[in-house]
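The values are calculated or read from the model by the stated rules, or taken from the named source; none is laboratory data. Please read these numbers as outputs of a predicted model, since none were measured by experiment. Neighbour counts run over all protein chains shown; Cβ positions are idealised from the backbone, glycine included.
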Amino acid sequence: MQYEQNQTNTLTSAKPVNEFLAFTLGKEEYGIDILKVQEIRGYENVTRIANAPEFIKGVVNLRGIIVPIVDMRIRFKLAAPTYDQFTVVIILNIAGRVVGMVVDSVSDVTQLTPEQIKPAPEMGTLMNTDYLIGLGTLDERMLILLDIDRLMSNEEMGLIEKAAA
């Protein structure tokens, strides 16, 4: 069997698609790269670590691995966190480190093409936008896309490692 390809019959590939796990914090919806997500768990009590930064809720034992838990509402200085049946912990694997991230709820996995991702607006010195990939637009919906590697920066990961040790 022979295959021929000519000028009028070219093979085209589908547009590249990025997948983001969508979650909520307060009234805003955020997205992180689905490839960084290891699992999603219900919120459970954590073991507090003395002298840890306020946003580090503590640690949990996840199948023999001690996992630091970061509350994103505290990290982003949002309203006081409340924990209910919708509160979840997203277990992330970032550069070989396992970290838990507390969020209000998880909605779905959203596929976005590069055209649907708009650059993050410049906020001057009011807000650090280094950890924003951009804004994902899907119909009337807008996701604030986070670069979770940058957000859990080396400096913070150092704090987390000290707290978990």
TODO: List every residue pair whose Cβ atoms lie under 8 Å apart, where the two residues are 6 or more positions apart in sequence or sit on different chains, the first residue falls within the stretch 75-95 and is within 19 Å of residue 38 (Cβ to Cβ), and the second residue, located anywhere, is outside any loop (DSSP other than H, G, I, E, B) and of a type in the set (Ser, Thr, Tyr).
DONE: 87/105; 88/105
TODO: For the stretch 30-69, name all the residues that are crowded, with 17+ Cβ neighbours inside 10 Å and closer than 20 Å to residue 107 by Cβ.
DONE: 30, 31, 32, 33, 36, 37, 43
Task: Index of the failed condition, residue 102 passing every other in (1) in contact (Cβ under 8 Å) with a residue 40 or more places away in the chain; (2) buried (at least 20 other Cβ atoms within 10 Å of the Cβ); (3) of a type outside the set (Ser, Thr, Tyr); (4) touching a Gly at 6+ places or on another chain (Cβ under 9 Å) - done: (4)
Open item on the list: Going residue by residue through the stretch 72-94, is there one that turns out to be under 12 Å from the mean Cα position of the chain (by Cα) and assigned to a helix (DSSP H, G or I)?
Closed with: yes
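Could you tell me whether any residue of the stretch 15-30 is at pLDDT below 85 and over 18 Å from the mean Cα position of the chain (by Cα)? Full working, then the answer.
Step one: list which residues in the stretch 15-30 are at pLDDT below 85, which gives 15-17.
From the residues that got through so far, the ones that are over 18 Å from the mean Cα position of the chain (by Cα) too are 15-16.
Yes, the stretch 15-30 contains a residue that is at pLDDT below 85 and over 18 Å from the mean Cα position of the chain (by Cα).
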Task: Selection count, the stretch 95-119, where residues are closer than 23 Å to residue 136 by Cα and not in a loop (DSSP other than H, G, I, E, B) - done: 16
